[in-house]
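Below: the structure, in structure tokens.
The values are calculated or read from the model by the stated rules, or taken from the named source; none is laboratory data. Bear in mind the structure is a predicted one, so any value in this text is a computation, not a measurement. Note that we place each Cβ from the backbone using ideal geometry, even for glycine, and neighbour counts take in every protein chain shown.
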Amino acid sequence: MTPATLLLRVEGPLQSWGTASPFDVRDSGREPSKSGIIGLLCAALGRPRTAPVDDLASLSMGVRIDAAGSIVADFHTAGGGHERGVPTASGARGRTVITRRMYLQDAAFLVGLFGASEKLEVLAEAVRGPVWPLCLGRQACVPSRPLVDEDSLVSLPLLDALTGAPWEERPRTATPAELEVVLETRPDEGAGLRNDQPLGAAFLHRSFGPRYVRSVFVPVTEVQPGPGASLA
């Protein structure tokens, strides 16, 4: 099987990639989580929540941060006083609680998935014509552009693919000196930890394990400019 990298353009007005907040404060990571991207692929394939996702989770993932965006908080209520409301310590239901949910606004990422080209071709076609609607972490967060195009599948290692893909300048955003690329790695390489590696039927059992990542910084002058980009 020929190795390749599938590139996904992950952009939208709002995104949210929570990994560590099951209660009243829902966080968002600063880049797409692996669990969130695997969930997006499951929606594209029409794979039910009860199905295992180990075949997708085995893909290596990297994320190039093209525009970091900023965090915005939104307030919700949960429970609403009905019989299925939030339970109290005594087990009674009906309580309403206020929750605070974090989103990334005006962020843009290039996500790379590395694995067998045959598997990635199937995923690319599924993303082009998804069975279920695609979202960027939460159902309300919709993509603002197609996630894949004709150049999304490349026969390159993960870092080379993420470095070589075009970068687009954003309006009202200063051109950065370098772009951060967050790559999966081994724990002995000075790695950071993400608890977002799906395990088995992860979306049924909420089962996620640790994943190690490291950051590589690429000068913008070494990245191919995309349409409308200026590196002057």
query = Restricting the first residue to segment 191-215 and requiring it to be at positive phi and among the aromatic types (Phe, Trp, Tyr), which pairs with a second residue that is surrounded by fewer than 17 Cβ atoms within 10 Å (Cβ to Cβ) and at pLDDT below 90 meet a Cβ separation below 6 Å and a spacing of at least six or different chains?
reply = none
message = Consider segment 23-61. How many of its residues are of a type in the set (A, V, I, L, M), over 21 Å from LEU159 (Cβ atoms), modelled with pLDDT of 95 or more and not in a helix (DSSP H, G or I)?
response = 2
query = Which ones in segment 97-118 are hydrophobic (A, V, I, L, M, F, W, C) and in contact with an Asp or Glu (Cβ under 8 Å, 6 or more places away or on another chain)?
reply = VAL97, ILE98, MET102, ALA107, ALA108, PHE109, LEU110
remark   = Those residues of segment 94-110 which are surrounded by 20 or more Cβ atoms within 10 Å (Cβ to Cβ) and either touching a helix residue (DSSP H, G or I) at 6+ places or on another chain (Cβ under 6 Å) or over 14 Å from TRP17 (Cα atoms) (or both) amount to LEU110
task = Could you look through segment 178-215, keep only residues that are closer than 17 Å to GLY62 by Cβ and acidic (Asp, Glu), and pick out the one that is surrounded by the most Cβ atoms within 10 Å (Cβ to Cβ)?
result = ASP196
inquiry  = I want to confirm something. Restricting to segment 45-55 and keeping residues that are touching a residue at least 12 places away in the same chain (Cβ under 8 Å) and surrounded by fewer than 22 Cβ atoms within 10 Å (Cβ to Cβ), which single residue is farthest from LEU6 (Cα to Cα)?
reply    = THR50
inquiry  = Would you confirm whether or not segment 111-125 contains a residue that is in a loop (DSSP other than H, G, I, E, B), surrounded by 14 or more Cβ atoms within 10 Å (Cβ to Cβ) and touching a residue at least 12 places away in the same chain (Cβ under 8 Å)?
reply    = no
message = I need the full set of residues from segment 130-142 which are within 16 Å of CYS42 (Cα to Cα), touching a residue at least 40 places away in the same chain (Cβ under 8 Å) and not charged (D, E, K, R), in order please.
response = PRO130, VAL131, TRP132, PRO133, LEU134, CYS135, LEU136, GLY137, VAL142
